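Below is one structure, written out as structure tokens; comments come after it.
The values are calculated or read from the model by the stated rules, or taken from the named source; none is laboratory data. These figures come from a predicted structure and were not determined experimentally. As a convention, Cβ positions derive from the backbone with ideal geometry for all residues, glycine included, and neighbour counts pool all protein chains shown. Heads up: the accessible areas ignore ligands, DNA and RNA and are worked out on the full protein's heavy atoms, side chains in. Shrake-Rupley method; radii C 1.70, N 1.55, O 1.52, S 1.80 Å.
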Amino acid sequence: MKRSKFTETQIVAILKLAEAVTQINPNAIELNARVMQLEQDESGVTVTLANGKTHRADILVGADGVHSRVRSSLFGEDKATFSGSLAWRGVIPAERHTEHLRAPYGVNWVGPGAHVIHYPLRKGELVNFVGILERDDWIQESWNDAGTIEECSNDFAGWHEDVQTLIHALDTPFKWALMLRDPLPQWSEGRITLLGDACHPTLPMLASGAAMAIEDGYILARCLDEIEAPVEDVLKRYEAARVERTSRVVRGSAENARRFHNPALENAEGAKAYVDREWTPERTQERYEWLFTYNVDEVKV
Ligand SMILES: Cc1cc2nc3c(=O)[nH]c(=O)nc-3n(C[C@H](O)[C@H](O)[C@H](O)COP(=O)(O)OP(=O)(O)OC[C@H]3O[C@@H](n4cnc5c(N)ncnc54)[C@H](O)[C@@H]3O)c2cc1C
């Protein structure tokens, strides 16, 4: 039997989302539909799938992730460089933890060359674990590459007991090489546009890549709904409304990488001075206020 690449909890979440979408349009989702080619003309876009089937629509939104086929068809292959860091990821059912590891807030551990973040998901049912460290022997950028508990634990040898407890509660730790890319200056061409990681893949140090994809979707829907203009112009307006914010996330994430892994964290004295300086309420607010006060309903489109 082929092993699923998703955990049970992920499958439940995907099914709930699929149900909500198909209630609106029963034919909205087609599985095993890998887009291989796209062509546009004055009246629409045609995509050809790997199984030979074609689909035609008024517009095409390439929400196909960091290795986007739609992006490379429009603008050519991207230029990614390895950041020198690897991310360990996994979700843990919250009931496996004692109370303080299930607390309803995010916890960020920082150290020289590495950091760990954990926070509750789905109203506290799950704990998300991400451990990032500077390591240059892994360059696969994929959601599905599994490592072992032992390897992950070794990468955080000597870290606080909570970090080790979290690692040992994971079923499977996944590893993802973190790549750097400059923000794309252009997302749309004619009737085709991009959304999410396809147009602004980012390091995860502001924990906002998925949030940016959701915001993109909301603003794109507003543009299509509210703007009376040819679709080519509507897609340009969507891009214009989103490009500055998402570029700021890409740049801010790279800056946070340097902050989280700072050599000043090497010893207790240096670490205290660094944390006291960098994590005051004022400094934290300065870094995050713009990110968390964005209102998708108030953005001018
Ligand atoms: C270690 C790590 C930690 C992160 N932590 C956070 C966090 O805490 N908070 C946060 O907001 N974000 C976080 N992110 C970022 C977040 O996961 C991504 O930004 C988000 O998943 C992007 O969503 P997306 O829909 O654009 O792309 P994806 O989630 O990658 O989805 C793309 C989809 O397109 C499909 N696809 C690909 N090619 C084709 C094709 N040719 N035809 C048809 N379909 C195709 C894929 O199968 C996939 O289903 C993290 C990322 C990493 C790596």
Residues of region 199-228 with backbone N under 20 Å of the label point set 7 Å from the Cα of I14 along Cα→Cβ are 210-211, 213-214
Put a dot 7 Å past each Cα toward the Cβ at H67 and V21; how far apart are the dots in nm? 2.0
With r defined as the distance between the Cβ atoms of A28 and Y119 and R0 fixed at 35 Å, what FRET efficiency is calculated, to the nearest 0.05? 0.70
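Can you work out the FRET efficiency for the pair D162 and D297, with r the C-beta to C-beta distance and R0 = 41 Å, to the nearest 0.05?
On the way: r = 38 Å, r/R0 = 0.93.
In this case the efficiency is close to 0.60.
Taking all protein chains in place and a 1.4 Å probe, what share, in percent, of the accessible surface of region 1-75 do carbon and sulfur account for? Before the final figure, lay out each step's value.
On the way: 3080 of 5700 Å².
Roughly 54 percent, rounded to a whole number.
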Carbon/sulfur fraction of accessible area - region 189-260, other protein chains in place, 1.4 Å, %: 52
Within region 29-56, backbone nitrogen closer than 17 Å to the virtual label 7 Å beyond the Cα of E232 toward Cβ: 39-46
Percentage of interatomic Cα-Cα distances in region 81-180 larger than 15 Å: 58
Please express the Cα-Cα pair-distance distribution P(r) of region 35-116 as a list of whole percents, one per 5 Å bin, running from 0 to the bin with the greatest distance. 3, 10, 14, 13, 10, 8, 10, 11, 10, 9, 3, 0
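State the percentage of accessible surface on region 81-180 attributable to carbon and sulfur atoms; use a 1.4 Å probe and exclude ligands, DNA and RNA.
On the way: 2550 of 4920 Å².
The C+S portion of the solvent-accessible surface of region 81-180 is 52 percent.
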For V127, which sequence-distant residues (separation of 5 or more, or a different chain) have an amide H within less than 5 Å of its own amide H, given hydrogens modelled in the peptide plane? I92, A94, L121
Rg (one decimal) and Dmax (whole number) from the Cα set of region 185-270, in Å, equal 16.9, 61
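Let me check something: with ligands and nucleic acids excluded, how do T246, T148, T172 order by accessible area (1.4 Å probe), largest to smallest? Mind showing how you got there, number by number?
On the way: T246 0, T148 70, T172 35 Å².
Heavy-atom accessible area, descending, gives T148, T172, T246.
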Not counting ligands, DNA or RNA, and with a 1.4 Å probe, what is D182's accessible surface area in Å² rounded to the nearest 10? 140
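For the chain, what does the accessible surface come to per residue with a 1.4 Å probe? Please give it in Å². Let's see the in-between values first.
On the way: 17450 Å² over 301 residues.
Averaged over the residues of the chain, the accessible area is 58 Å².
Largest first and in whole Å, what are the equivalent-ellipsoid semi-axes of the chain based on the Cα gyration tensor, each being the root of 5 times an eigenvalue?
Values: eigenvalues 257, 109, 72 Å².
After diagonalising the Cα gyration tensor, the semi-axes are 36, 23, 19 Å.
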For the chain, the longest principal axis of the Cα atoms and the Cα long axis of helix 281-292 enclose an angle in degrees, to the nearest 10, of 20
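With a cut-off of 8 Å between alpha carbons and a minimum separation of six or more residues, what is the relative contact order of the chain in percent? Display every interim value, and only then the final one.
Working: 435 pairs, mean separation 52.0, N = 301.
It comes to 17 percent, rounded to a whole number.
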